[in-house]
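Student: Please see the structure below; I have some questions.
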Amino acid sequence: MGITIAVPKETASGERRVAIVPSVIKLLDKLGVEVRMQKGAGVAAGFPDDLYEGVSWADSAAQLYKDADIVLRVQPPSADEAGKLPEGSLLLGHMAPHEGDSRITNLNKRKVTSFALELVPRITRAQSIDALSSQANIAGYKCALLAAHLSPKLFPMLTTAAGTVRPARVVVVGAGVAGLQAIATAKRLGAIVEAYDVRSATKEQVESLGGKFIDTGVSADGEGGYARELTDEEKAQQAEVLAQHIAQADGVITTAAIPGRPAPKIIDKATVERMKPGAVIVDMAAETGGNCALTEAGKEVTHNGVTIAGPKNIPSMAATHASEMYARNLCNLLALLVKEGEIQLDWDDQVVADSCLTHDGETRYAPAKERMEGDK
């Protein structure tokens, strides 16, 4: 009997993405698996049921999960959904491993082997599995467009019979994948772009995209390609220099995040009050507290004439391409787990070992295990 992959319709509010798109069905066929989907799973992403060839369909999640071996999702299941997954199955998707202890507990009760895409190691051979990067690319693009949309100014320089329009000035805070895409997009829109990151190694990348790197004299290169948290003294020095540049900006896009921690506060109320009327802040870190002190997740607020936008689930705004990228990330991970038509978990493989959250009733991700044991 072959392996059955189940793809449910996403239940999280506002989520439009889907874990599998029609173009990857042939890749899954090569793995020797059967794909079963919940009806309408891809509709919100622009993929109606009739585009999926060779897929069997289920009317409900309960019917979908019957005899399923592997479940593919975009968003983490709720605690209730985790408790209804097929016992002993594999679960692949975003798992929010830094929270959701009830969900993790239920996964262990069902002896579900779960793989969190947030935990995929940032090594060269895992780049094709790195969903954080694929989705961050989309988020950076969308945030640049959102800044241009909310701004009362045009981004490019225009020379017209009615006079010359000066280009907008945009500051991007954070030069990771999302920040670099925001820089590139704002630059393509014609803005003058400055960017800052605590990791000094990003200076060359920023400049290669046509941006000017803001040097605050603070470096916080961390492990695994992430930034470490700054000391209070470093934060003060960073804030003082950044505030000067932000005050002159027409648009600011913030992307700074620390995995498993609240987003660092980079723009305080006083800095917002120094900004020009009509200026815009798009805070990509809104869902983890925001990089701006005035950010409200899921809302657009105005303070002293400055608009602060805190968009949520930004990749879902471009659900079609976000789903296509995400589906390929999942397929590439599946290729490490399914071989010759059978599930084969190689714990000597760094990607497999590091990305596993739960297995055989135990929490394998050390920080989550320590957190849960400490709560008992």
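Student: Could you line up R125, R17 from fewest to most neighbouring Cβ atoms inside 10 Å? Please report the intermediate quantities before stating the final value.
Tutor: Working: R125 11, R17 28.
Ranked by crowding around the Cβ, least crowded first: R125, R17.
Student: Per residue of the range 51-65, in order, report the coupling 6.51 cos²θ - 1.76 cosθ + 1.60 (Karplus, θ = phi - 60°) as ³J(HN,Hα) in whole Hz, putting x for Gly and Pro.
Tutor: Once θ is set to phi - 60°, the couplings for the range 51-65 become 7, 8, 8, x, 9, 8, 10, 10, 7, 9, 5, 4, 5, 4, 7 Hz.
Student: Out of the DSSP beta bridges found with both residues in the chain, what percent are antiparallel (nearest 5)?
Tutor: The answer is about 30 percent antiparallel.
Student: Under the classification rounded if a/c is under 1.5, otherwise prolate if a/b is larger than b/c and oblate if not, where does the range 241-347 fall, given a ≥ b ≥ c as square roots of the Cα gyration tensor eigenvalues?
Tutor: Prolate is the answer for the range 241-347, as a/c is 1.5 or above and a/b outweighs b/c.
Student: Moving on to the next point. Using the Kirkwood radius over C-alpha pairs as Rh, can you work out the diffusion coefficient of the range 230-278 via Stokes-Einstein at 10 °C, viscosity 1.306 mPa s, in µm² per second?
Tutor: Numbers: Rh = 11.8 Å.
Using the Kirkwood radius from Cα pairs, D works out to 134 µm²/s.
Student: Identify which of S13, S133, S60 has the largest mean-square fluctuation in a Gaussian network model of the chain, with springs joining Cα atoms closer than 10 Å.
Tutor: S13
Student: In Å and from the alpha-carbon atoms only, list the Rg and Dmax of the chain.
Tutor: Rg and Dmax of the chain, Cα atoms, are 22.1, 73 Å.
Student: Residue by residue through the range 232-247, what is 3J(HN,Hα) from phi via Karplus (6.51 cos²θ - 1.76 cosθ + 1.60, θ = phi - 60°)? Round to whole Hz and write x for glycine and proline.
Tutor: 4, 5, 5, 4, 5, 5, 4, 4, 4, 6, 4, 4, 5, 6, 5, 4
Student: Out of residues 5 or more away from V338 or on other chains, whose amide H comes under 5 Å of its own, with H placed 1.01 Å from N in the peptide plane?
Tutor: It is Q344, by chain and number.
Student: A further question on this structure: Ranked highest first by the average count of other Cβ atoms within 10 Å around their residues, in what order do 310-319, 283-292 fall?
Tutor: Going from most to least packed, we get 283-292, 310-319.
Student: Give me the net charge for the shell around G54: Cβ to Cβ below 10 angstrom, other residues only, Lys and Arg +1, Asp and Glu -1. All intermediate terms of the calculation are to be shown ahead of the outcome.
Tutor: Working: positive: K26; negative: D29, E34, E53.
Spelling it out: positives minus negatives among the neighbours equals -2.
Student: I've got another one for you. Taking amide H positions as placed in the peptide plane 1.01 Å from N, state which residues far from G278 in sequence (5 or more) or on other chains have amide H under 5 Å from it.
Tutor: Long-range HN contacts for G278: V306, T307.
Student: Then there's this: What residues have an amide H closer than 5 Å to that of V172, excluding those fewer than 5 places away on the same chain, when H is modeled at 1.01 Å from N in the peptide plane?
Tutor: Under 5 Å from the amide H of V172 lie the amide H atoms of E194, A195, Y196, I253, each far enough along the sequence or on another chain.
Student: To continue, here is another question. Hey, can you rank 76-82, 139-145 by average C-beta count inside 10 Å, highest first? Let's see the in-between values first.
Tutor: Working: 76-82: 18.9, 139-145: 24.3.
Peptide ranking by packing, descending: 139-145, 76-82.
Student: Pull out a ≥ b ≥ c, the square roots of the eigenvalues of the alpha-carbon gyration tensor of the range 1-82, then state rounded if a/c is under 1.5, prolate if not and a/b is larger than b/c, and oblate in the remaining case.
Tutor: Since a/c reaches 1.5 but b/c is at least a/b, the shape of the range 1-82 is classed as oblate.
Student: A further question follows. Show me the chymotrypsin sites (Phe, Trp or Tyr not before Pro) within the range 272-376 that DSSP assigns to loop and that have at most 14 other Cβ atoms within 10 Å of their Cβ.
Tutor: Passing sites in the range 272-376 are W347.
Student: Hey, any idea what the orientation-averaged projected area of the convex hull of the range 136-312's Cα atoms comes to, in nm²?
Tutor: On the way: hull surface 38.0 nm².
Value for the range 136-312: 9.5 nm².
Student: Additional query: Sorted from fewest to most neighbouring beta carbons within 10 Å, what does the list H303, H245 look like?
Tutor: Lowest to highest Cβ neighbour count: H303, H245.
Student: With θ set to phi - 60°, apply the Karplus curve 6.51 cos²θ - 1.76 cosθ + 1.60 along the range 110-122 and write out the HN-Hα couplings as whole Hz, x wherever there is a Gly or Pro.
Tutor: Residue by residue, the range 110-122 yields 8, 6, 7, 8, 10, 10, 9, 5, 5, 9, 4, x, 8 Hz.
Student: Highest mean first, what order results for 261-272, 85-96 on Cβ atoms within 10 Å?
Tutor: Most protected by this proxy first, the peptides run 85-96, 261-272.
Student: What's the tally of Lys pairs in the range 136-312 whose alpha-carbon atoms lie under 20 angstrom apart, where the two lysines are 8 or more places apart or on different chains?
Tutor: So the count of such lysine pairs works out to 16.
Student: When DSSP beta bridges are limited to those with both residues in the range 136-312, what percentage is antiparallel, rounded to the nearest 5?
Tutor: 30
Coordinate-derived values only; no laboratory data. The shown structure was predicted, so the numbers you read here are calculated from the model rather than taken from an experiment. Every residue, glycine as well, gets a Cβ built from its backbone with ideal geometry; the counts of neighbours run over all protein chains shown.
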